[in-house]
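Enquirer: The structure is given below, and queries will be raised subsequently.
The values are calculated or read from the model by the stated rules, or taken from the named source; none is laboratory data. Given the structure is predicted, the values throughout are model-derived calculations rather than measurements. With ideal geometry, Cβ positions are generated from the backbone for all residues, glycine too; neighbour counts draw on all protein chains shown. Only protein heavy atoms, including side chains, enter the accessible area calculation; ligands, DNA and RNA are left aside. Shrake-Rupley method; radii C 1.70, N 1.55, O 1.52, S 1.80 Å.
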Amino acid sequence: MRVHVVSDVHGNTEALARAGEGADALVCLGDLVLFLDYADHSRGIFPDLFGAENATRLVELRTERRFEEARAFGASLWQGIDRNAAIESAVRRQYAEMFAALPTPTYATYGNVDIPRLWKEYAGPGTTVLDGERVEIGGLVFGFVGGGLRTPMRTPYEIDDEEYAAKIEAVGEVDVLCTHIPPEVPELVYDTVARRFERGSVALLEAIRRTRPRYALFGHVHQPLVRRMRIGVTECVNVGHFAGSGRPWALEW
């Protein structure tokens, strides 16, 4: 059995259409939406609306962790524009392309920049969306928990620690634990390019230690200090920044 796993697709529809080649199934750990490309400031919803120069300024403020200034700067640009309508319209265009590119079967969960309520409109019969749920794939039990935790970035699908922990608890013991964010381990949550610690989950780390899955798979941190490490018997793997690499991570058994 061979499963390909992707995360942080961020608009890379062309590569996504090839991601299932040679695999029995595709697993997607979210962040389909491209709001702003930190590597290429001309790509994404924000620069499409306000231009690459303004996108560069926003990236600079965020990278310097000047989040209040970044919010104020963004708010000044959004004046006179129906922000929710503009973003949803752009997200819908991206979702229409990306969900059409997903192979059958695909098992997917949400990232922190995704809008869960829209997924049911675009996910076809070959795509199973799971969040706080389990599914059997090739004789192994996979558990899925989507979204991220609260941050100053205020991305669309951030939830409270307690709600996230409840979803982890609902999944229970599985062979492969699939999440968008990593467990709260410094080496796994530090982004070497953004030069900051992203938020990982303590509840996820505790569940890994307690339930001992074979694998814990995740994304979210685009350039982690460490991409792979063991926690007890569990192999923890950041499956990679698919938007940049265009390559899925392969799990075989």
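Enquirer: Accessible area per residue of segment 70-160 at 1.4 Å probe, in Å²?
Expert: Details: 4240 Å² over 91 residues.
On a per-residue basis, 47 Å².
Enquirer: Then there's this: Mind listing the phi-derived Karplus ³J(HN,Hα) values for segment 79-93, rounded to whole Hz, using 6.51, -1.76 and 1.60 with θ = phi - 60°, and x for any glycine or proline?
Expert: Calculated HN-Hα couplings, in order: 4, x, 10, 6, 4, 4, 5, 5, 5, 4, 4, 5, 4, 4, 5 Hz.
Enquirer: If you don't mind, there's one more thing I want to ask. Counting only protein heavy atoms, what percent of the accessible surface of the chain is carbon or sulfur at a 1.4 Å probe?
Expert: Details: 5450 of 11430 Å².
C and S atoms contribute 48 percent here.
Enquirer: Points 7 angstrom from Cα along the Cβ direction at Val202 and Arg227: gap in nanometres?
Expert: 3.0 nm
Enquirer: For segment 39-111 and segment 208-233, compute the distance between their C-alpha centroids and round to whole Å.
Expert: Their Cα centres are 28 Å away from one another.
Enquirer: Quick one: of the DSSP bridges fully inside the chain, what percent are antiparallel, nearest 5?
Expert: Values: 16 of 40 bridges.
Here the antiparallel bridges make up roughly 40 percent for the chain.
Enquirer: A follow-up question, please. Contact order normalised by length for the chain, with contacts defined as Cα pairs under 8 Å and 6 or more residues apart; what percent is it?
Expert: On the way: 537 pairs, mean separation 55.4, N = 253.
Normalised by residue count, the contact order of the chain is 22 percent.
Enquirer: Determine, from the Cβ-Cβ distance of Asp82 and Asp40 and an R0 of 25 Å, the FRET efficiency 1/(1 + (r/R0)^6), rounded to the nearest 0.05. Walk me through the numbers before you get to the answer.
Expert: Values: r = 27 Å, r/R0 = 1.07.
According to the calculation, E is roughly 0.40.
Enquirer: May I ask you to list the residues of segment 183-225 whose amide nitrogen lies under 13 Å from a point 7 Å from Cα along the Cα→beta-carbon direction of Met1?
Expert: Taking a point 7 Å out along Cα→Cβ of Met1, the residues of segment 183-225 whose backbone N falls under 13 Å are 214-215.
Enquirer: Let's see if you can work this out: charge +1 on each Lys and Arg Cβ, -1 on each Asp and Glu Cβ, no other charges. What is the dipole magnitude of the chain about its Cα centre, in debye to the nearest 20? If you can, show how the numbers build up before the last one.
Expert: Values: 28 positive and 36 negative charges, 66 e Å.
Dipole size: approximately 320 debye.
Enquirer: To the nearest 0.05, what FRET efficiency results for Arg71 and Ala17 with a Förster distance of 41 Å applied to their C-beta separation? Don't jump to the answer; show the numbers that get you there.
Expert: Working: r = 36 Å, r/R0 = 0.87.
Step by step, r from the Cβ atoms, then E = 0.70.
Enquirer: Using only helices, what value at 222 nm comes out for the chain when you add -39,500 (n - 2.57) per DSSP H run of length 4 or more and divide by the total residues, to the nearest 500 deg cm²/dmol?
Expert: -10000 deg cm²/dmol
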